[in-house]
Structure formats: structure tokens, C-alpha cells
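Each remark here refers to the structure printed beneath this line.
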Amino acid sequence: MTAVPVLAAAQTPRISLPVSVGQSVTVTSADGRTLSGKVRRLTPAAMEIEGDGAPTAIAVDDVRRIRVRDSVGDGVAKGLAVALPVALLRLAADNSWTVLGGGPYSVNKSGKDVIVPMATLVGAGMLIGGFIDSLRLTTIYERSDGGISVSVRPTAATTGLGVGLRLRW
């Protein structure tokens, strides 16, 4: 019987990254470098990112964090949720609802004079919300170092003082 030595590193499980080919990502490596671009190739051992320059390969074991652009849809919805009540308050404060058939007042405005500013305000809120959201990066993968981290921070409230403790493992 012959014994064949096997390296322990070859037996460690590979990490599966939650990205796909063609996806735009920002990757932070274990040494702190940041690479941004599209995933060109993905294997169990490495990923290749094509940015402004030549494609760069990074070993999966060297990936510390992967971030992607957040969807702008929820930012647009948040912009709508903020702008629509403001537009309705402006409509109420201006007594402009009489143009739309409500209220006892007689206002000398046409429907266009009411609807266009409201739509402009709501549309601007949606655009601003979408723009702000497009600037955000969402972390979809972060490698754990396998150790335990402990953070302690003081807290203060009107009811008293305290200490916040956070454990990660």
C-alpha cells in the first residue's frame, strides 16, 4: 500500500460568490484594492473584472467585499412618497382644489394651472429620489474573517445612560 500526500489547502471548500457574468460590481480585495467593472468571467477559483483598462483577475479567496448599484425603483417610490403629500398640501393651501370641483370658493385658475405644477413637483421628487438611490452601493457579499469581533459603544437617552454591545461571529 502506498500513501500519497495531499495538501490540506486543496481540500478547503471554494467560496460561491453571488454574482453573474455581465453584472457590474465593485470588488474590494483582501489587500484593500478596489476594482470596478463588469464581471467578464467567473470560475470557482477566480473572477475576472473588465473595467476601464485591461481585464483584471482576482482569486475568489482574495475577495473581501462585493458591492453593486442599488435599484433606482425604491428611490423613485421614496421620492414619490415625499413629493406627493407636499404637492397635495400645496394644493390645499392654495385653495386650488376648487378648480378640480371641490370646495365653495371661486378661484380664477384653470385645471392646467393646478395640474402642471403638481405634476412637476411630484416628477422632480421622483427624479431626485431615483438619482440619490442610483449613487448607493449595496453590499451583496462580505467575507467573514472567521474570528469574533466585539464592539462596545456608549448610549445616552432621556431615560438614562447605557452601553451598547455588538458581537459578530
With Ser144, Ser149 as the choices, which residue is touching a Lys or Arg at 6+ places or on another chain (Cβ under 6 Å), under 30 Å from Val25 (Cβ atoms) and at pLDDT below 80? Ser149
Matching residues in region 67-87 (among the aliphatic types (A, V, I, L, M), surrounded by 15 or more Cβ atoms within 10 Å (Cβ to Cβ) and within 25 Å of Thr139 (Cβ to Cβ)) number 3
Select from region 37-66 the residues that are exposed (fewer than 14 other Cβ atoms within 10 Å of the Cβ), assigned to a strand (DSSP E or B) and either of a type in the set (D, E, K, R) or under 20 Å from the mean Cα position of the chain (by Cα) (or both) and list them in ascending order. Arg41
Criterion (exposed (fewer than 12 other Cβ atoms within 10 Å of the Cβ), in a strand (DSSP E or B) and at pLDDT below 85) met by exactly one of Pro104, Pro154: Pro154
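The values are calculated or read from the model by the stated rules, or taken from the named source; none is laboratory data. The model shown is predicted, which means the values in this text are computed figures rather than measured ones. In this analysis, Cβ positions are derived from the backbone assuming ideal geometry, glycine residues included, and neighbour counts consider all displayed protein chains.
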